[in-house]
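*Asks:* Got a structure for you, questions after.
The values are calculated or read from the model by the stated rules, or taken from the named source; none is laboratory data. In this text the structure is predicted, and so the values were computed from the model without any measurement. Glycine gets a Cβ as well: all are built from the backbone with ideal geometry, and neighbour counts include every protein chain shown. The accessibility values were calculated without ligands, DNA or RNA, using every heavy atom of the protein model including side chains. Shrake-Rupley method; radii C 1.70, N 1.55, O 1.52, S 1.80 Å.
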Amino acid sequence: MSEDLEAKIEAAVKNPRNLGEMENADAVGTVGSPDCGDMLRMWIKFKEEDGRKIIDRATFQSFGCQTAIAVASVATELLAGKTIAEAKSMSGEELAAPLGALPPVRIHCAQLVEGALRNALSDNKDAPAQTKPAATSPTLMDQLSAGTGAKVKIVMKS
Ligand code: FES
């Protein structure tokens with residue numbers, strides 16, 4: 001990994017943007033990586049602007065590596081102002097672009113963020129903003145520590 005990329009990841013991990021559960025989120029998506037077992041959850045809030053439904057803000061929680069945290073941090077900043085279609089079309093590489101090109105061994109870290117985003121947007125087509133009970137959802141940590149009774153929906157990326 002280049003020194004520049006390492007420095008950017010370190011800076012993002014030290015001061016992550018949009019970290020934490022979002023109250024009153026309109027959508028939430030969770031994904032787990034079969035490659036490393038890391039997990040990431042993303043919350044999204046929409047708003048209407050000029051007759052379009054766009055992402056107002058996105059936040060995340062991660063039980064993942066530093067690269068995944070750094071990508072989620074920059075990605076949640078990139079997503080603000082995007083339509084659902086625009087957000088859905090973004091690849092992990094595009095979501096990680098502010099950090100620079102990731103080495104092949106770290107590409108799945110960006111795909112974890114892409115997967116959580118896609119999972120969150122999967123039932124939010126172009127319909128008017130709908131409210132899912134995200135605000136009452138347990139945190140990722142709650143669900144992970146709740147044992148086998150937890151109803152966490154995990155989408156494994158292939
Ligand atoms: Fe698994 Fe980075 S090593 S998400």
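*Asks:* Please give, to one decimal in nm, the separation of the simple spin-label points placed at M1 and L19, each 7 Å out from Cα toward the Cβ.
*Replies:* 1.5 nm
*Asks:* In terms of modelled amide H atoms, which long-range or inter-chain residues lie less than 5 Å from the amide H of A27?
*Replies:* Under 5 Å from the amide H of A27: I44.
*Asks:* Assuming R0 = 30 Å, what is the FRET efficiency of D35 and A101, from their Cβ-Cβ distance, to the nearest 0.05?
*Replies:* With a Förster radius of 30 Å, E is 0.95.
*Asks:* Ok, one more. Using only the Cα atoms of segment 21-123, what semi-axes does the equivalent ellipsoid have when each is the square root of 5 times a gyration tensor eigenvalue? Give whole Å, largest first.
*Replies:* For segment 21-123, the semi-axes come out at 22, 14, 11 Å.
*Asks:* Over segment 62-123, with every protein chain in place, what whole percent of the accessible area is carbon and sulfur at 1.4 Å, could you tell me?
*Replies:* Result for segment 62-123: 56 percent of the exposed heavy-atom area is carbon or sulfur.
*Asks:* Further question on the same structure: Amide H to amide H under 5 Å from R57: which residues, 5+ apart in sequence or cross-chain, H placed 1.01 Å off N in plane?
*Replies:* Sorted by chain and number, the residues that satisfy this are K45.
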